[in-house]
Each structure stands twice: as structure tokens, then as C-alpha cells.
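Q: One structure coming up, written as C-alpha cells, with questions to follow.
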Amino acid sequence: MIKIFRHIRKELMETGKTGKYFKYAIGEIILVVIGILIALQVNNWNEQKKQNRLEKEYYCRLLEDTQQDLEQVNQFIKASEDRLAASNQAVRLLQQETAKKVDVGNQLGLSILAIYSDFTPNNSAFEDLKSGANLNIIKDKNIIKAINNYFNIVAGYLSIIKVNANIALDTYYLDKDVFDSGRIHAQMLTNRFITGMEKDVYESMNLDFDETLSQTMKHQLLNGALTYISANARQLQLYNFIKVEVTNLIDVLESTCIRND
């Protein structure tokens, strides 16, 4: 093509057709400019297509993180329900005429099992999105606002969950005599004691697993069990609040991810 243009220019110059030459030159310049504009447009189109693809990938990554949050919070809800059930059972046992140390100790232990563990939102995609100028990839700024609100609200709920966990744990370890409270009776039947203690040491404990609690200890432990009910019921409520926030964010991200397919 370039050779053809050169040949035409040469022929016009040699024949002295200066006017036609200038017209031709102007036309050639226009064609070159058009070619450059077309190339720029194609480049811009390819870049926009790349940005749109990256935007969709981020929406879907954010959705995957939030779906994992839902799985995680469901596990914490189940754990809170189990602890709440155990603390209620402890109250039932402590109101009986005679209450075995091992039975009460087991339920009280289950009442605070992993109570300090807390939900941790997945933020890998969002942290990656915030790095550099990636936030500009997201056209719908309401999405960014929704995610920021989500993390802030969840952080507030988690701070209250930790407060309740600390109250329950402080109450549980308030009584230092693990023999009178029956805590050691229950722990001796757990795998960590059975496997962790050498056989002669384990047998030397010589605990009476039919031993019952004194009335004074029953009253003290009943106070604790009621505290665990309160703490676990509050945690269950808060985890359900978190679940609402997770579900709402999933709804937003699902529609966005589909919309950008």
C-alpha cells in the first residue's frame, strides 16, 4: 500500500500536476489521521473490554468471599445454639435434688466451648480491590459503600460478642476448686486427659464419678449457668444479625455479578 502511494506521488510530480498532487497529499494525510483514530478507538475498545472483564471478576470474587462468610457465620450460629442448649441443660441438672459433678461439669464445659472464637469476614478480594487504583474499576460506587458498611457493622457486632465471651469465661474460671465444682470430673473423661496423662497418673486421681455436688456449690454453679445462658443467647442473636448483613450483601453482589456476565 505504501509503495502504491509513493508511485502515485512520483507520477504526479513528474507530470507536473501540482494541484492534483496537493489534493492527493491532503487526502493521504486525512487517510493517515483516520487510520490513527481507528487504531486509537480499537485500542480504547480493547482496554474498556479488559476493564469490564476485570470489574466482573472482582464482583464475582467479592461474592465468593461473602458466600464463604455465610458458611462461616452459619457454623458460629450452630455453635452458639449448642452452647445455649448445654447451659440450659446445666440449669436443669442443678435444680435436681442430687446433681452428679461429672454431668454438671460436662454441660458447663460445653456451655463455654470455643465461646471466644469469633467470625472473621473474608476480605481478600476487597483488600486487593483497594490496592492501587483498582477501586476505580468498580463503576457502581454504591457497591463499595455497601461493602464498607458491611465490614463496619460486623465489626461492631463482633466487639459485643467478645465482651459477652469474656464475661462467660471469667465466670467459668472464677471457681478455682475444680474438684468441688466437678470440672475435673468432666475433663478427666475428655480425650486430652485420657491420652495426655500417663496411665499411672490417670489412675492415681481415683475420682468418684458418682459424686454429687454440695448445695452451696450447686447454688454457685447455677449462677454461672444462668450467666452462660445470657451470654450465649446474646451471641446467638448477634450472629443472626450478622447473617442478615451477609445475606443482604450476597443479594447485591449476586445481581451485580450476573448483570456483568
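Nothing in this text is a laboratory measurement; each read-out follows from the coordinates by a stated rule. This is a predicted model, so every value here is computed, not measured. We place every Cβ from the backbone using ideal geometry, glycine too, and count neighbours over all the protein chains shown.
Q: Which of 101/162; 78/162; 100/176; 101/176 have a Cα-Cα distance over 23 Å? Walk me through the numbers before you get to the answer.
A: Details: 101/162 29 Å; 78/162 17 Å; 100/176 19 Å; 101/176 15 Å.
Over 23 Å Cα-Cα: 101/162.
Q: Here's another thing I want to ask about it. If R₀ is 51 angstrom, what is the calculated FRET efficiency for the pair residue 175 and residue 255, using the beta carbon separation as r and rounding to 0.05?
A: Working: r = 53 Å, r/R0 = 1.04.
In this case the efficiency is close to 0.45.
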